[in-house]
Amino acid sequence: MTSYEVVPFRWPLDATVRVPGSKSYTNRYLVIAALAPGRSTLEGVLFSDDTEAMIDCVRALGVAVRVDRAARVVELDGCDGQFRRDATLNVRQSGTTARFITPLVAVGPGRYTIDGDPQMRARPMGDLIDALGQLGARVEGGSLPLVVHGGVRRAGRVVRLPGNVSSQFLSGLLLSAPAFSGGMEIELTTDLVSSSYVDLTIHAMAAAGVVVERKGRFFSVAQQSYTPGTFAIEPDASAASYLFAAAAVVGGRVRVEGLGRHSKQGDVAFVERLAAMGCEVRGHKDDDAIEVYRDPEVALRGIETNMGDCSDVAPTLACVAPFAMTPTRVTGIGFSRQKETDRVANVVTELRRCGVKAIEEADGYIVHPGKPESATVETYRDHRMAMAFAVLGIGSEGIRIADPRCVAKTFPDFWETLESLRSLRAIAIDGVLGSGKTTVARALAARTGLAYLDTGAMYRCVGLAWLRGGGFLENSGRFASGLRFDISDRVMLEGEDVTELIRTPDVSRAASQVATVASVREALVAQQRAWAKRRGGGVLEGRDIATVVLPSAPVKVFLTASAGERARRRHSEAPGQSLDAVTADLVWRDHNDSNREVDPLQVAVGAVVIDTTGITVDDVVARIVSLVPWENR
Ligand code: DC
């Protein structure tokens, strides 16, 4: 996949969504559990590039790690700092892994080589190396690749460390501090950026029984062992920001379970920014869920905000900002120029590429209101650029994201999760032949204002193409994937009006036959889904709409009628044939539709069955409209 086209969301959202575990907690607990003497279990673990990097490093140090991805559980046999002598560790693109592993190996007995991706080689390590030097460790190199000579036994004096480049240096030192003989004392020589991440470190250490004494810029940890145990990891607040932002941009409600406003993750503060812009944030202090709601009638307003404490979600806010009525100014994030990419300059460049007026400042940016235009957004191999600009894409037409797979760094299922928010206003009408589907579906589309798709006409077109082109039935799939049809009032096939032609008995039989071929169904189902996604829903009529095409359609109806009534209806439509011939054809096609191996006609779970024998079309339509949630608010 070269780029991902974000199809805009057309209707307000109403979704409860699961977000992967916190990357920050996962990587902290992995270090803690590796150091602890004995077995620990991590629950709610995030599996992504960054955490896999940490798992691999810990394994390379000789710690036994058992992983259950489906259950999101990792079990580690910690070794109390008795790491394998000599190891080569690859931190890949992960900043936390690089900054946490480097002090960790300083307590090991051997010589450790640490390297990573080119992007990570370019990121700062100097202050951390200097701090380890102060502790008596010998480190070769000023950035990755590094060689750390372990066996530091005596800390002794106070380590002086700047806090204005990355808080990960301090977090890394703190996590390993209890394993240094004599513990560790650290004094910050500057203010601390992203201090909430240090709170999170201290919180994770406390869960394993280690207390960090803190007085202003002074931190102290006594020498001791972590207590192994079971550690539950909450959902990732940075990952949740994109989903909350979706509610802000599109309107409606998004709820994330398992993440409370009281969380120590600094990025939960993102929802306070959304509140300031006019969203309602629901979730009490002691609740374990957060819900963001924007009344679709109420416009967003711009804000001025310092995001120094939640800089990872500044790009998310930058991509909400164009949808507000007034400009938004973000300050305090100059240091995020040294993240995976320059997250100040690149956010501005990409907003401009999308036609949004944005002004770069030394420590942030100003984003003006504006309607984004189609563009392919560069992501600079930065997962947060990809996910933030996806938010821009759901509110505007034609945004594509280059290199969409880079989200795997922290949120491998991001695209699927984003799609799961999409609320389709879809009505699925399935049913037997002659049950009145087409008449009812057309009337329903007119009544609700939704677009209408006769999926049967698509099978009929494939049937016609196959009759014309000849060849084996099994090969009819190639007709299905290559066809260009336009199915509205008239049915156009490759520019030819075939509305009447596809209703002939020959084509009806051919349609029924090609409908048994798996590759035909696959090709048409994909087209039908894309049709609905583009329009934000529609009335779709066929045989497998609620079972296969759109099982999550909010309204599913299955129409039937008595055999006699159905034959009479068909006969009145095609009076050239005898009633007996029509009945025989009906029986043959019913049998074919219900007994084919692929997607046979059946009543979907949750579908409402309506017998149309002897009732009017208006009655049937009224009955279905009463089931449509957005018509009955
Ligand atoms: O609804 P119709 O008679 O126009 O459908 C033509 C054929 O296509 C019919 O044999 C059933 C089949 N079909 C299908 O298998 N799945 C659909 N979603 C729609 C039609």
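The values are calculated or read from the model by the stated rules, or taken from the named source; none is laboratory data. Note that the structure is a prediction, hence the values are computed from the model and not measured. Note that each Cβ is placed from the backbone with ideal geometry, even for glycine, and that neighbours are counted across all protein chains shown.
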In the range 387-426, residues that are touching a Gly at 6+ places or on another chain (Cβ under 6 Å) and either small (Gly, Ala, Ser) or closer than 30 Å to residue 557 by Cβ (or both) total 3
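Out of the range 426-449, which residues are in a strand (DSSP E or B) and within 12 Å of the ligand (Cβ to nearest atom)?
Step one: filter the range 426-449 for residues in a strand (DSSP E or B), giving 426-431.
Listed by number, the residues that qualify are 428, 429, 430, 431.
Would you point out the residue of the range 320-356, among those that are charged (D, E, K, R) and within 25 Å of residue 275 (Cβ to Cβ), that is surrounded by the most Cβ atoms within 10 Å (Cβ to Cβ)?
Taking the range 320-356 and keeping what is charged (D, E, K, R), we get 329, 337, 339-340, 342-343, 350, 352-353.
Remaining after also requiring within 25 Å of residue 275 (Cβ to Cβ): 329, 343.
Details: 329: 16, 343: 25.
Going through the qualifying residues, I end up with 343.
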Restricting attention to the range 417-438, the residues that are hydroxyl-bearing (Ser, Thr, Tyr) and at pLDDT 95 or above number exactly 1
query: Is it the case that some residue within the range 549-572 is within 20 Å of residue 425 (Cα to Cα), of a type in the set (Ser, Thr, Tyr) and more than 15 Å from the ligand (Cβ to nearest atom)?
result: yes
In the range 534-562, anything in contact (Cβ under 8 Å) with a residue 60 or more places away in the chain and among the polar types (S, T, N, Q) is listed as 547, 552, 560
Residue pairs qualifying under the 7 Å Cβ cut-off, at least six apart or on distinct chains, with the first in the range 574-601 being farther than 25 Å from residue 544 by Cβ and the second being modelled with pLDDT under 85 and within 13 Å of the ligand (Cβ to nearest atom), are none
The residue that is modelled with the highest pLDDT, considering only those in the range 1-24 that are farther than 18 Å from residue 450 by Cβ and of a type in the set (Val, Ile, Thr), is 6
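Hey, does the range 102-114 have a residue that's among the aromatic types (Phe, Trp, Tyr) and more than 15 Å from residue 171 (Cβ to Cβ)? Before the answer, list the steps.
Going through the range 102-114, the residues among the aromatic types (Phe, Trp, Tyr) turn out to be 112.
Among the residues that remain, those that are also more than 15 Å from residue 171 (Cβ to Cβ) are: 112.
Checked the range 102-114: at least one residue is among the aromatic types (Phe, Trp, Tyr) and more than 15 Å from residue 171 (Cβ to Cβ).
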Q. Restricting attention to the range 574-593, does a residue exist that is within 34 Å of the chain's Cα centre (by Cα) and either aliphatic (A, V, I, L, M) or within 16 Å of the ligand (Cβ to nearest atom) (or both)?
A. no
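Return yes or no: is residue 77 surrounded by fewer than 24 Cβ atoms within 10 Å (Cβ to Cβ), of a type in the set (Asp, Glu) and at pLDDT below 95?
Numbers: surrounded by fewer than 24 Cβ atoms within 10 Å (Cβ to Cβ): yes; of a type in the set (Asp, Glu): yes; at pLDDT below 95: no.
When the stated conditions are applied, residue 77 does not pass them.
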Only one of 618, 580, 585 is of a type in the set (D, E, K, R), buried (at least 19 other Cβ atoms within 10 Å of the Cβ) and more than 23 Å from residue 478 (Cα to Cα), namely 585
- Just a yes or no: is a residue in the range 483-494 surrounded by 14 or more Cβ atoms within 10 Å (Cβ to Cβ) and assigned to a helix (DSSP H, G or I)? no
What do you reckon, is residue 479 among the hydrophobic types (A, V, I, L, M, F, W, C), away from the ligand (no atom under 12 Å from the Cβ) and in contact with a Leu (Cβ under 7 Å, 6 or more places away or on another chain)?
no
Would you call residue 457 more than 10 Å from the ligand (Cβ to nearest atom), aliphatic (A, V, I, L, M) and out of contact with any Pro (no Cβ under 8 Å at 6 or more places or on another chain)?
no
Qualifying residue in the range 379-391 (condition: assigned to a strand (DSSP E or B) and either of a type in the set (Phe, Trp, Tyr) or surrounded by fewer than 23 Cβ atoms within 10 Å (Cβ to Cβ) (or both)): no
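For the range 602-620, name all the residues that are more than 33 Å from the chain's Cα centre (by Cα) and in contact (Cβ under 8 Å) with a residue 12 or more places away in the chain. Let's see the steps before the verdict.
Going through the range 602-620, the residues more than 33 Å from the chain's Cα centre (by Cα) turn out to be 609-620.
Answer for the range 602-620, where residues must be more than 33 Å from the chain's Cα centre (by Cα) and in contact (Cβ under 8 Å) with a residue 12 or more places away in the chain: 609, 610, 611, 612, 613, 614, 617, 618, 620.
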In the set 136, 163, the lone residue that is more than 36 Å from the chain's Cα centre (by Cα) and not polar (S, T, N, Q) is 136
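Please determine, by comparing only the residues of the range 191-210 that are touching a strand residue (DSSP E or B) at 6+ places or on another chain (Cβ under 9 Å) and not small (Gly, Ala, Ser), which one is nearest to residue 29 (Cα to Cα).
Let us first name the residues in the range 191-210 that are touching a strand residue (DSSP E or B) at 6+ places or on another chain (Cβ under 9 Å), namely 198, 202, 204-205, 207-208, 210.
The next check asks that each one be not small (Gly, Ala, Ser); those that pass are 198, 202, 205, 210.
Numbers: 198: 14, 202: 11, 205: 8, 210: 13 Å.
Among residues in the range 191-210 that are touching a strand residue (DSSP E or B) at 6+ places or on another chain (Cβ under 9 Å) and not small (Gly, Ala, Ser), the one nearest to residue 29 (Cα to Cα) is 205.
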Scanning the range 495-507 residue by residue, those part of a helix (DSSP H, G or I) and surrounded by 19 or more Cβ atoms within 10 Å (Cβ to Cβ) turn out to be 502, 507
Scanning the range 373-422 for residues that are under 15 Å from the mean Cα position of the chain (by Cα) and polar (S, T, N, Q) gives 410, 417, 420
